[in-house]
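Any read-out appearing in this document is the output of simple, stated calculations on the displayed coordinates, not a laboratory observation. All values reported here derive from a predicted model rather than from experimental measurement. Because the Cβ atoms are built from the backbone with ideal geometry, glycine has one as well, and the counts that use them run over all protein chains shown.
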Amino acid sequence: MFRSRIGFLILVSIAGLLNGMDSALADVYKYIDKSGNVYFSDEPLPGENLSLEWKRTSKRLVSENKKQSNKLRREQEEIQARIDARLEAQLKARTDVYALRPAAPVSGSMSVRRERYRHLIEAAARRHGLTAELLHAVIRTESAYQANARSHAGACGLMQLMPQTASRFRVGNIWDPKQNIEGGAAYLRFLLDLFDHDLRLALAGYNAGEGAVKKYGYQIPPYRETQNYVRKVLRHLTAERTSRES
């Protein structure tokens, strides 16, 4: 028997558990006592202070849970599609000297490394409202998908996080690919929000720090490295988008 003295939202969890159980299991009962406490049980509960709210079969709960899961999945897919469309529209709307021809497609050993981290990149993009193409473009520029990359300035890993940036975005192990990508994605999300979704400024901030972008009047700083970096990421981003559309 299971009994629970917790709120109504537990129903979803119960249904999730039932999803992996045999449909011939006992019914599920929901009771409410005089104090408003909620009880779930797989058999009738005695007691004058308990009022039966409803009784459902495990099969019905499993069906309801599946419908709810499908609905949430569709909503998440629709949200991601809108995010992708918005970021692409913003990129196209801000074409200038930085929007150059696309870079060559990823190939050879880099392609193997790219595939190794693809699922981590896609998951981080979903969590932070980014396109996977953008994360791929940044990672290709920063490290060429080499998880052990380290710059002369001390930037580490796939997304070349500086230790202070890693700490700022709660990255415990800067060399762990999952955590490194998560930290880099969180920083990009922060920069896009900070600079009103101007992708060029967000990329400049990722390379030179947001303070440098602010210092130069919310423009790409006049540093050759940063200007070349923005161009390179945008070329890789265009290549990602072209590859996806072909």
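Exposure proxy shown here: for LYS214, LYS34, the number of other Cβ atoms within 10 Å sets the order, fewest to most, as LYS34, LYS214.
Shown is the FRET efficiency for LEU45 and ARG74, computed with R0 = 41 Å from the Cβ-Cβ distance and rounded to the nearest 0.05: 0.65.
Taking packing as the residue-averaged number of other Cβ atoms within 10 angstrom, the listed peptides 201-213, 131-143, 172-184 run from highest to lowest as 131-143, 201-213, 172-184.
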